[in-house]
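The values are calculated or read from the model by the stated rules, or taken from the named source; none is laboratory data. All values reported here derive from a predicted model rather than from experimental measurement. All Cβ positions, even for glycine, are placed from backbone atoms using ideal geometry, and neighbour counts span all protein chains on display.
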Amino acid sequence: KKRNPGQDEFIQAVHEVAQDIFDFIEDKEEYHEAQILRRIAEPDRVVSFRVCWEDDNHNIRVQRGWRVQNNNAIGPYKGGIRFHPSVNESVLKFLAFEQTFKNSLTGLPMGGGKGGANFNPKGKSDSEVMRFCQSFMTELYRHIGPDTDVPAGDIGVGAREIGYMFGQYKRITNRWEGVLTGKGTEYGGSKMRPEATGYGAVYFLRNMLEKDGQDIEGKQAVISGSGNVATHAAEKLCQLGAKVLTLSDSDGFIHDPDGIDQEKIDWVKRLKNERRGRISEYADHFTNATFHEGKKPWNVDCDIALPCATQNELCEDDAKALVENGCMAVSEGANMPTTLEGVKVFHEAKILYGPGKAANAGGVAVSGLEMSQNAERISWNHDKLGEMLTELMQDIHDKCVEHGEQDGYIDYVRGANIAGFKKVADAMLAFGVV
Ligand code: NDP
């Protein structure tokens with residue numbers, strides 16, 4: 001806390017990992033001596049910069065941008081860019097720290113990083129977003145590269161923003177290279193990338209349920225968020241025979257007792273991606289659906305829950321409500337959506353709980369495959385990538401089980417922390433004191 005004053009999210013993320021790692025390294029002198037955990041929890045560097053842009057009324061606006069390069073022991077830094085007013089150094093440090101473990105878990109050669117700006121894309125015109133993205137990249141380009149640091153999308157950064165940033169990188173450097181992932185398929189993007197995080201979170205859920213002798217078919221699901229991750233998680237759940245009851249955004253949630261089927265999901269995708277509308281409009285459009293302003297969906301009766309919006313959106317009371325209402329499994333599409341107290345409730349109730357760093361790793365895994373395709377100047381087809389994603393998620397699940405099984409209960413958080421840590425720590429040991 002003294003080293004990182006005011007950085008609550010970062011301290012929370014380190015605290016959660018440290019508990020498991022201390023336990024694991026207790027009898028392993030080499031990690032203690034080398035101060036490995038302390039070194040992983042100190043980013044390699046944090047770059048902070050001014051992003052100046054002009055709005056449509058010719059006002060000059062000034063935002064702050066960051067890139068946190070946490071650790072590149074096992075590969076180039078890799079992690080998304082977030083544009084949201086809540087972005088600050090603490091949030092990005094927590095995300096870059098978590099990303100280091102997640103990327104390690106995928107088994108692919110990627111280090112951990114994260115970046116973003118306190119820019120609010122909501123209500124901005126296309127040209128304003130373009131000018132902001134270009135200005136952001138005009139500074140960021142000097143810190144990244146296909147073998148150095150490969151950013152991607154995150155909250156507020158989708159295909160449109162990646163396109164503007166990639167265009168600016170190419171213009172400044174005169175190089176076409178795989179410096180960003182999540183690109184459009186016309187210019188080097190990987191098939192299956194848009195779906196990968198949401199689908200992956202559902203595959204992880206399916207793996208957890210199968211290990212427990214259950215399956216997804218017929219289950220009632222609540223989901224938060226209505227962006228990239230939430231809509232694709234909903235889509236895969238429908239395909240596997242579950243009934244999706246809710247979606248949300250920062251204004252509140254919608255509850256559709258008839259189920260949110262593929263047609264309705266497509267409507268939400270158009271609402272969010274084309275019209276940039278609010279989820280409340282869903283209740284005006286579909287009969288029987290209701291909108292609950294300022295509320296989260298965790299009090300709705302369900303079998304499974306997928307938090308897919310943002311960090312700390314599911315607290316202790318929400319976790320208790322889920323457990324009391326019969327929820328048997330939680331798979332996190334978002335990063336750290338459940339507070340430490342909420343996680344404790346899930347563990348005490350011994351329900352299946354897949355933390356984001358494992359359950360949502362499908363997105364970055366397919367980003368890693370996008371890097372491979374760009375390096376080789378080839379493009380794999382949808383089916384091949386779908387198969388690879390399914391296998392990667394199974395592999396991540398199995399690593400969590402290997403390190404997390406204790407007295408018949410699988411602590412997926414512990415499993416993910418230890419498996420992710422070990423690979424990075426062993427690489428760092430090999431490098432000596434650097
Ligand atoms: P999007 O921007 O597409 O969607 C984010 C959704 O979450 C929106 O519905 C948004 O509502 C809601 N949201 C954002 N901030 C808040 C907030 N403070 N309070 C309530 N709701 C909020 O982002 P993604 O779907 O890409 O990302 C969602 C989560 O998944 C994030 O935690 C992200 O880090 C994580 N993730 C994403 C990956 C990806 O591949 N995209 C990969 C791995 C993790 P509103 O429009 O009102 O802001």
**Request:** Please tell me if Ala234 is within 28 Å of Asn381 (Cα to Cα), near the ligand (Cβ under 9 Å from one of its atoms) and part of a helix (DSSP H, G or I).
**Result:** no
**Contacts under 8 angstrom Cβ, first residue in the stretch 363-382 being assigned by TED's automatic domain parsing to the domain that holds Val202, partner crowded, with 24+ Cβ neighbours inside 10 Å and acidic (Asp, Glu), 6 or more apart** = none
**Message:** Being closer than 12 Å to Ile223 by Cα and in contact with a Leu (Cβ under 7 Å, 6 or more places away or on another chain) is the requirement here; does Gly333 meet it?
**Reply:** yes
**Item:** Answer from Gly415, Gly420 - the residue that is closer than 24 Å to Glu9 by Cα, part of a helix (DSSP H, G or I) and within 16 Å of the ligand (Cβ to nearest atom)
**Value:** Gly420
**Prompt:** Considering only the stretch 87-122, how many residues are touching a residue at least 40 places away in the same chain (Cβ under 8 Å), in a loop (DSSP other than H, G, I, E, B) and either surrounded by fewer than 24 Cβ atoms within 10 Å (Cβ to Cβ) or not assigned by TED's automatic domain parsing to the domain that holds Asp147 (or both)?
**Reply:** 6
**Message:** Against the definition (surrounded by fewer than 20 Cβ atoms within 10 Å (Cβ to Cβ) and outside the structural domain of Ile155 (by TED's automatic domain parsing)), how does Glu235 come out, yes or no?
**Reply:** no
**Item:** So Leu209, is it crowded, with 24+ Cβ neighbours inside 10 Å and in contact with a strand residue (DSSP E or B) (Cβ under 7 Å, 6 or more places away or on another chain)
**Value:** no
**Prompt:** Restricted to the stretch 274-293, and to residues that are assigned to a helix (DSSP H, G or I) and in contact with a helix residue (DSSP H, G or I) (Cβ under 8 Å, 6 or more places away or on another chain), which residue is farthest from Ile155 (Cα to Cα)?
**Reply:** His285
**Selection status of Arg276, surrounded by fewer than 17 Cβ atoms within 10 Å (Cβ to Cβ), under 26 Å from Pro121 (Cβ atoms) and within 10 Å of the ligand (Cβ to nearest atom)** = yes
**Request:** Name the residue, out of Glu316, Glu281, Glu263, Glu293, that is at pLDDT 95 or above and closer than 20 Å to Val202 by Cβ.
**Result:** Glu263
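Within the stretch 59-86, take every residue that is of a type in the set (Val, Ile, Thr) and closer than 19 Å to Thr138 by Cα and give me the one that is surrounded by the most Cβ atoms within 10 Å (Cβ to Cβ).
Ile81
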**Message:** Can you tell me which condition Gln214 does not meet? The list is (1) of a type outside the set (Val, Ile, Thr); (2) surrounded by 23 or more Cβ atoms within 10 Å (Cβ to Cβ); (3) away from the ligand (no atom under 14 Å from the Cβ), and all the others hold.
**Reply:** (2)
**Request:** Considering each residue of the stretch 210-264, count those that are of a type in the set (Lys, Arg), out of contact with any Phe, Trp or Tyr (no Cβ under 8 Å at 6 or more places or on another chain) and under 20 Å from Gly362 (Cα atoms), and give that number.
**Result:** 1
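Restricting attention to the stretch 291-312, does a residue exist that is of a type in the set (Val, Ile, Thr) and either within 15 Å of the ligand (Cβ to nearest atom) or in contact with a Gly (Cβ under 8 Å, 6 or more places away or on another chain) (or both)? Write out each step before concluding.
Going through the stretch 291-312, the residues of a type in the set (Val, Ile, Thr) turn out to be 300, 304, 310.
Right, trim to either within 15 Å of the ligand (Cβ to nearest atom) or in contact with a Gly (Cβ under 8 Å, 6 or more places away or on another chain) (or both) and you get 310.
Within the stretch 291-312, one or more residues are of a type in the set (Val, Ile, Thr) and either within 15 Å of the ligand (Cβ to nearest atom) or in contact with a Gly (Cβ under 8 Å, 6 or more places away or on another chain) (or both).
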**Prompt:** Only one residue in His58, His32 is away from the ligand (no atom under 16 Å from the Cβ) and either part of a helix (DSSP H, G or I) or under 15 Å from Gly112 (Cβ atoms) (or both), so which one is that?
**Reply:** His32
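Mind checking which residues of the stretch 320-342 are under 20 Å from Ala233 (Cα atoms) and either at pLDDT 95 or above or part of a helix (DSSP H, G or I) (or both)?
Those that are under 20 Å from Ala233 (Cα atoms) and either at pLDDT 95 or above or part of a helix (DSSP H, G or I) (or both): Leu322, Cys327, Met328, Ala329, Val330, Ser331, Glu332, Gly333, Ala334, Pro337, Thr338.
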